[in-house]
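> Below: one structure in structure tokens.
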């Protein structure tokens, strides 16, 4: 466990240390320890001042793609997973097997086919070109189906039907609350996947003002060697800032994973 922790935390430690250095300080001294001049706040100001403050726009774009895509994807996963778990219908197992097969398909493999599909309908270089593929999560459907089947008792649903509740109300007021730990997990996985996605937005978006933060930072980094290149310490600090929302989201939502909302619901 110590070796695994060191393996995963060393790059994070390097990123923290590097964001406190000047551009020249990055290439001198110990890379895993602080330099003589603490330049973190100056680096942060430089990040948000670069190219007229476009980094703010990239962060907002990433938030739009990640929050909107993750929220819609979580809702769709909950609906599909609940239906697959609780409603018997012809072809249910086949549909679930298709979902399982989709889980095994690498997402980068779909980027070029999606581009070829969206180009004729003029969705390339628009927000929809990134948002629409983000709302589909086969893994989310799989997890919602497994959790609903194991944690949503049929007796609880039947009690709602006896009380006169319709299927929509039962799903919205009972099933969603019971499934909330799994839905938080689906939302977090989907959020991280969209926030860190690079290939799809770099194919779909040509306008700098539509790009997410991942594409923007790589664009800055690729300018190395050009006359007006973004300083490397600015690029490193931008990468650190782009990780902060993920850390905050994880720390905020992790308590829901431990909650057992089903406890005591059935006597």
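The values are calculated or read from the model by the stated rules, or taken from the named source; none is laboratory data. Everything numeric here is computed off the predicted structure, so don't read it as measured data. So basically every Cβ, Gly included, is an ideal-geometry build from the backbone, and we count neighbours across all protein chains shown.
> Output the residues belonging to segment 92-122 that are assigned to a helix (DSSP H, G or I) and out of contact with any helix residue (DSSP H, G or I) (no Cβ under 8 Å at 6 or more places or on another chain).
93, 94, 97, 98, 101, 109, 113, 116, 117, listed by residue number.
> Now for a different question. Would you point out the residue of segment 36-88, among those that are without any contact (Cβ under 8 Å) to a residue 12 or more places away in the chain and either under 17 Å from residue 141 (Cα atoms) or touching a strand residue (DSSP E or B) at 6+ places or on another chain (Cβ under 9 Å) (or both), that is surrounded by the fewest Cβ atoms within 10 Å (Cβ to Cβ)?
88
> Would you check if there is a residue in segment 212-229 being within 21 Å of the chain's Cα centre (by Cα), surrounded by 14 or more Cβ atoms within 10 Å (Cβ to Cβ), in contact (Cβ under 8 Å) with a residue 24 or more places away in the chain and over 22 Å from residue 130 (Cβ atoms)?
No, segment 212-229 has no match at all.
> Conditions: (1) in a helix (DSSP H, G or I); (2) in contact with a helix residue (DSSP H, G or I) (Cβ under 8 Å, 6 or more places away or on another chain). Residue 159 meets all but one. Number of the miss?
Every condition holds for residue 159 apart from (2).
> Touching a helix residue (DSSP H, G or I) at 6+ places or on another chain (Cβ under 7 Å) and at negative phi: does that describe residue 31?
For residue 31, the condition - touching a helix residue (DSSP H, G or I) at 6+ places or on another chain (Cβ under 7 Å) and at negative phi - is met.
> Oh, and also: Go over the candidates 144, 172 one by one and state the one that is surrounded by fewer than 17 Cβ atoms within 10 Å (Cβ to Cβ) and part of a helix (DSSP H, G or I).
On inspection, the qualifying residue turns out to be 172.
> Tell me which residues, restricted to segment 193-209, are surrounded by fewer than 20 Cβ atoms within 10 Å (Cβ to Cβ), touching a residue at least 60 places away in the same chain (Cβ under 8 Å) and either assigned to a helix (DSSP H, G or I) or touching a strand residue (DSSP E or B) at 6+ places or on another chain (Cβ under 7 Å) (or both).
Of everything in segment 193-209, those that are surrounded by fewer than 20 Cβ atoms within 10 Å (Cβ to Cβ), touching a residue at least 60 places away in the same chain (Cβ under 8 Å) and either assigned to a helix (DSSP H, G or I) or touching a strand residue (DSSP E or B) at 6+ places or on another chain (Cβ under 7 Å) (or both) turn out to be 193, 199, 203, 208, 209.
> Pairs needed: first member in segment 149-162, on the phi < 0 side of the Ramachandran plot; second member anywhere, assigned to a loop (DSSP other than H, G, I, E, B) and surrounded by 15 or more Cβ atoms within 10 Å (Cβ to Cβ); C-beta distance under 8 Å; at least 6 residues apart or different chains.
Short answer, once both residue conditions are applied: 151/179; 151/262; 152/179; 152/262; 153/262; 153/265; 156/265.
> Next question, about the same structure. Would you call residue 246 without any contact (Cβ under 8 Å) to a residue 60 or more places away in the chain, surrounded by fewer than 15 Cβ atoms within 10 Å (Cβ to Cβ) and farther than 22 Å from residue 21 by Cβ?
Taking the combined requirement at face value, the residue does not satisfy it.
> Of the conditions (1) at pLDDT 90 or above; (2) in contact with a helix residue (DSSP H, G or I) (Cβ under 9 Å, 6 or more places away or on another chain), residue 180 satisfies every one except a single condition; which number is it?
(1)
> What pairs can you find where one residue is in segment 95-122 and more than 23 Å from residue 195 (Cα to Cα), the other is exposed (fewer than 14 other Cβ atoms within 10 Å of the Cβ) and modelled with pLDDT under 95, and their Cβ atoms are less than 7 Å apart, with a gap of 6+ or different chains?
That search, which allows pairs on different chains as well, returns nothing.
> Also, quick follow-up: Hey, does segment 17-33 have a residue that's part of a helix (DSSP H, G or I), without any contact (Cβ under 8 Å) to a residue 24 or more places away in the chain and crowded, with 16+ Cβ neighbours inside 10 Å?
Among the residues of segment 17-33, at least one is part of a helix (DSSP H, G or I), without any contact (Cβ under 8 Å) to a residue 24 or more places away in the chain and crowded, with 16+ Cβ neighbours inside 10 Å, which makes the answer yes.
> Those residues that are under 18 Å from residue 220 (Cα atoms) and within 24 Å of the chain's Cα centre (by Cα), I need them from segment 1-52; list them, please.
Listed by number, the residues that qualify are 15, 19, 44, 47, 48.
> Take the conditions more than 30 Å from residue 18 (Cα to Cα), in a helix (DSSP H, G or I) and either in contact with a strand residue (DSSP E or B) (Cβ under 9 Å, 6 or more places away or on another chain) or modelled with pLDDT of 90 or more (or both) and apply them to residue 217. Does it pass?
Answer is no for this residue.
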